[in-house]
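Colleague: Encoded as structure tokens, here's the structure I'll be asking about.
The values are calculated or read from the model by the stated rules, or taken from the named source; none is laboratory data. Nothing here was measured: the structure is a model prediction, and the numbers come from that model. Positions of Cβ are backbone-derived with ideal geometry, glycine not excepted, and every protein chain shown enters the neighbour counts. When the accessible area is computed, the model is the full protein with side chains, heavy atoms only, and any ligands, DNA or RNA have been set aside. Shrake-Rupley method; radii C 1.70, N 1.55, O 1.52, S 1.80 Å.
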Amino acid sequence: MKSYECGAEEARVALQKRVDGKVIVLKKDAKYGKDEYGRLLRYVHDANGDVNAWLVQQGFARMYSIYPFARQRSYEKLEKGARLAKRGLWGVCNLSVSS
């Protein structure tokens, strides 16, 4: 039996419903193209917009600020809104702001 983080299955299902079978476009971060390990940093977009931002807004993803990125401030606002509204993992998982 696999062990998943709290909220992972709900996030997987929501993401699959949003993008499965649809055209997605990867957009390069205008400021940072790669992280310190050479991994490509990209935003996922579909016909409805920024999928990454949607995941954060719905509480299905957390924003990590270890590596700076161009949309960081807007993602921080989206996460704060999800946290205050207890959406997604913020409502069902025992999370603190710093965890």
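Colleague: Just give me the residues in the range 49-74 being assigned to a loop (DSSP other than H, G, I, E, B) and farther than 17 Å from V13 by Cβ, in sequence order.
Modeller: Selection gives R62, M63, Y64, S65, I66, Y67, P68, F69, A70, R71.
Colleague: Restricting attention to the range 64-94, which residues are among the polar types (S, T, N, Q) and either touching a Gly at 6+ places or on another chain (Cβ under 8 Å) or farther than 13 Å from N52 by Cβ (or both)?
Modeller: Hits for the range 64-94 are S65, N94.
Colleague: Could you tell me whether any residue of the range 22-29 is within 15 Å of L55 (Cα to Cα) and surrounded by fewer than 11 Cβ atoms within 10 Å (Cβ to Cβ)?
Modeller: No: the range 22-29 contains no residue that is within 15 Å of L55 (Cα to Cα) and surrounded by fewer than 11 Cβ atoms within 10 Å (Cβ to Cβ).
Colleague: Could you check the range 30-47 and list, in sequence order, the residues that are of a type in the set (D, E) and either surrounded by 10 or more Cβ atoms within 10 Å (Cβ to Cβ) or part of a strand (DSSP E or B) (or both)?
Modeller: Selection gives D35, D46.
Colleague: With the checklist (1) in a helix (DSSP H, G or I); (2) touching a strand residue (DSSP E or B) at 6+ places or on another chain (Cβ under 6 Å) in hand, flag the one item L15 doesn't pass.
Modeller: If we test L15 against (1) in a helix (DSSP H, G or I); (2) touching a strand residue (DSSP E or B) at 6+ places or on another chain (Cβ under 6 Å), just (2) comes out false.
Colleague: Which pairs turn up if I take residues in the range 40-69 that are touching a residue at least 24 places away in the same chain (Cβ under 8 Å) and polar (S, T, N, Q) and look for partners that are part of a helix (DSSP H, G or I) and open to solvent by 40 Å² or more (accessible area, probe 1.4 Å) with beta carbon separation below 6 Å, at least 6 apart in sequence or on another chain?
Modeller: That search, which allows pairs on different chains as well, returns Q57/L78.
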